[in-house]
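The values are calculated or read from the model by the stated rules, or taken from the named source; none is laboratory data. If you're wondering where the values come from, they're calculated on a predicted model, not measured in any experiment. All Cβ positions, glycine included, derive from the backbone under ideal geometry; neighbour counts span all protein chains shown. When the accessible area is computed, the model is the full protein with side chains, heavy atoms only, and any ligands, DNA or RNA have been set aside. Shrake-Rupley method; radii C 1.70, N 1.55, O 1.52, S 1.80 Å.
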Amino acid sequence: MSEQSDQKRQQLLDNLFHCRDVNETKDFYAKWANDYEEDIRDMEYNGAQIVVKCFLELNCPLDCRILDIGAGTGVIGTLLKKHGYTNIDGLDASPKMLDIAREKDCYVNLINSIVANNIRLPIDSKSYDVVIMAGVFCPGHISVDAFNEILRVTKPGGTICWAMGVEKTYVDYDDQYRDGQFERAIVTLCDRLKWLSILGYPKRVDNYLHGKDGWFHAMQVI
C-alpha cells in the first residue's frame, strides 16, 4: 500500500477516534456515509466479516430475532442475510447511514437512536434473541456504561456478541481502554449475574484492522 494510502487511513482513524461527543461522531458519519464502504476496504477494516463468521459458529437458529447495533450502511445485515438470517433489525445513530442500509433490504426495521446509558432505546425490554455489533466499542462511539441498556433489550438466554480491536489500538484516544478497564466492566456484569461468557470466548481474531488483531466476545444473558 502506498504512503499516501497509509496517511489517508491514519487520518481517518484519528478523526474517527477523536470524536468524543456522540453528536460529533454522528456528524462525522453523516459526512462519511457515501464513502464509508470504500474507505473501510482501503483501511482493511474487517470487523463485519469477523463478527459474522464468529457468530455463525454459535449456531443460532435462522429464525432468531437479531438486533444489529451500529448497523451503519448494512454490511453486517447483508452478510447475515446471505447466510439465511432474515429476522434482523438495524440500529444506528446516523440517519444517512441508515438510508443506505435501507436500500439493501436486509433489515425488517431500521431504528435511529444513540446507544448510551442515559438514553432509553425505543425498544421493548427482552425483545431480541441476539444483539450483534462490530466496531462500536472504540473511542467516540458506544461506551461500556451502555451495556446495561443493551442487556435490557436482550431476552434471558439470549446472546450479545461483538468484534472489536485489541485494546492497544485505542489507548491513546480513550482512557476507558487503559489498564484493563473495558475487561473489568465485562467481568463486573458477570459478577452481578447479568450475563456470562459463552464457553471458549472471548477469542483472539486475526486481521481486524490493517493487520492488527481483534477480539470476538460472546456473552449469554442471564
Gly140, sole failed condition from (1) at pLDDT 95 or above; (2) within 17 Å of Gly72 (Cα to Cα): (1)
Which listed residue, of Lys212, Lys194, Lys203, is closer than 18 Å to Cys60 by Cβ and not β-branched (Val, Ile, Thr): Lys203
Residue count for the stretch 146-174, restricted to those that are in contact (Cβ under 8 Å) with a residue 60 or more places away in the chain, of a type outside the set (D, E, K, R), out of contact with any helix residue (DSSP H, G or I) (no Cβ under 6 Å at 6 or more places or on another chain) and open to solvent by 10 Å² or more (accessible area, probe 1.4 Å): 4
Lone qualifier among Lys81, Lys53, Lys96, Lys104 - being open to solvent by 40 Å² or more (accessible area, probe 1.4 Å) and assigned to a loop (DSSP other than H, G, I, E, B): Lys104
Selection from the stretch 117-143 of residues that are open to solvent by 20 Å² or more (accessible area, probe 1.4 Å) and over 12 Å from the mean Cα position of the chain (by Cα): Asn117, Asn118, Ile119, Arg120, Pro122, Asp124, Ser125, Lys126, Asp129
Check on Glu24, open to solvent by 40 Å² or more (accessible area, probe 1.4 Å), under 27 Å from Lys168 (Cβ atoms), touching a residue at least 60 places away in the same chain (Cβ under 8 Å) and acidic (Asp, Glu): yes
Filter pass, Asp89 being of a type in the set (Asp, Glu), in contact with a helix residue (DSSP H, G or I) (Cβ under 7 Å, 6 or more places away or on another chain) and not in a loop (DSSP other than H, G, I, E, B): no
Residue list for the stretch 175-222, filter: touching a Cys at 6+ places or on another chain (Cβ under 8 Å), under 21 Å from Tyr45 (Cα atoms) and open to solvent by 30 Å² or more (accessible area, probe 1.4 Å): Lys203
Looking only at the stretch 56-69, and only at residues there that are part of a loop (DSSP other than H, G, I, E, B) and open to solvent by 30 Å² or more (accessible area, probe 1.4 Å), the one that is nearest to Glu103 (Cα to Cα): Arg65
